[in-house]
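Just below is one structure, and these are the notes that go with it.
The values are calculated or read from the model by the stated rules, or taken from the named source; none is laboratory data. Worth saying up front: this structure is predicted, and the values here are computed from it rather than measured. Cβ: placed from backbone, ideal geometry, glycine included. Neighbour counts: every protein chain shown. These accessible areas exclude ligands, DNA and RNA; they are computed on the full protein's heavy atoms, side chains included. Shrake-Rupley method; radii C 1.70, N 1.55, O 1.52, S 1.80 Å.
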Amino acid sequence: MNAGSRIPLWIIALLAAVCLGVLAWTTFGFVVPFKHETGQAVLDIYFAGYDELTVGRMQRLLGENEIANNLLRAMYAGPELIFPALLTALLLLVLIKLRPGGSYFNRPIRPFFAKLIYALPFIYGLADYGENVSSLIAFGDSAWADQAAQLLPWMTRLKFASLAICLVVIIRFAVVRAMRGEEGEQ
């Protein structure tokens with residue numbers, strides 16, 4: 001018996017539901033009101049990334065709009081405090097359940113690389129928390145605001161890149177597992 005088979009599917013479903021609930025809290029409690037207040041989106045949702053000029057515009061906007069500044073800080077003290085950990089746990093449990101292994105282009109996946117796959121959710125989680133901390137510093141009165149503003153676009157890119165890679169890996173192993181199941185039924 002391996003570790004993946006011991007994780008009940010209902011735990012993964014429950015964790016996914018909690019992640020969706022926290023994402024809804026973030027979206028409807030902070031992102032939508034921020035957009036309504038400012039006419040601009042929160043930088044955390046720029047999937048394609050952004051540059052330092054965008055960060056500078058956001059710094060000016062938050063300096064002029066106290067309500068938007070309070071919304072952003074409340075988002076980081078609320079749902080964004082727990083969402084990266086929840087999503088990291090969900091991604092990790094899904095990977096464990098799928099048990100990465102087998103072959104890739106008819107070559108066996110080395111055990112080292114299979115174990116390295118388990119690091120992907122942690123890279124996402126660290127990048128998301130790094131983005132949150134960078135945002136708080138960049139949009140605050142810190143002496144490090146300029147350095148954080150330079151780092152912030154890179155943290156967002158790393159967050160979305162690691163999340164995308166993790167999702168591609170999960171889909172790949174889910175498809176391989178489904179194909180094995182069909183082969184076993186024949």
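The magnitude of the dipole of the range 6-110, with charges of +1 and -1 set on the Cβ of Lys/Arg and Asp/Glu and taken from the Cα centre, is near 780 debye. Seen against the Cα atoms of the chain and their longest principal axis, helix 145-185 is set at about 20 degrees. Bridgeable lysines around LYS97 (alpha carbons under 21 Å apart, same-chain partners fewer than 8 residues away excluded): LYS115. With angles folded into 0 to 90 degrees, how steeply does helix 52-64 sit against the dominant principal axis of the chain? Use alpha carbons for both and round to 10. The answer is roughly 50 degrees.
When restricted to Cα atoms, the range 33-77 yields an Rg and a Dmax of 10.2, 27 Å, respectively. Compactness ratio for the range 1-54: Cα radius of gyration over 2.2 N^0.38 Å (N = residue count) comes to 1.74.
Is it possible to state the helix-based mean residue ellipticity at 222 nm for the chain, with each DSSP H run of 4+ residues giving -39500 (n - 2.57), the sum divided by total residues, to the nearest 500 deg cm²/dmol? What is it?
Details: 8 runs with 137 residues, N = 186.
Rounded to the nearest 500, the figure is -24500 deg cm²/dmol.
Dimensions of the range 126-186 along the principal axes, based on C-alpha atoms and rounded to the nearest Å, stand at 65, 13, 11, largest first.
Counting heavy atoms of the protein chains alone, PHE139 has an accessible area of about 20 Å² for a 1.4 Å probe. What the pair-distance distribution of the range 1-130 shows, using all Cα-Cα distances binned every 10 Å from zero, is 11, 32, 28, 17, 11, 2 percent.
Across the options VAL32, GLY21, ILE123, the greatest Cα extent toward the positive end of the charge dipole of the chain (unit charges at beta carbon of Lys, Arg, Asp, Glu) belongs to ILE123. The phi torsions of the range 6-12, fed into the Karplus equation with coefficients 6.51, -1.76 and 1.60 and a -60° offset, translate into couplings of 8, 8, x, 5, 5, 5, 5 Hz, rounded to whole numbers, with Gly and Pro shown as x.
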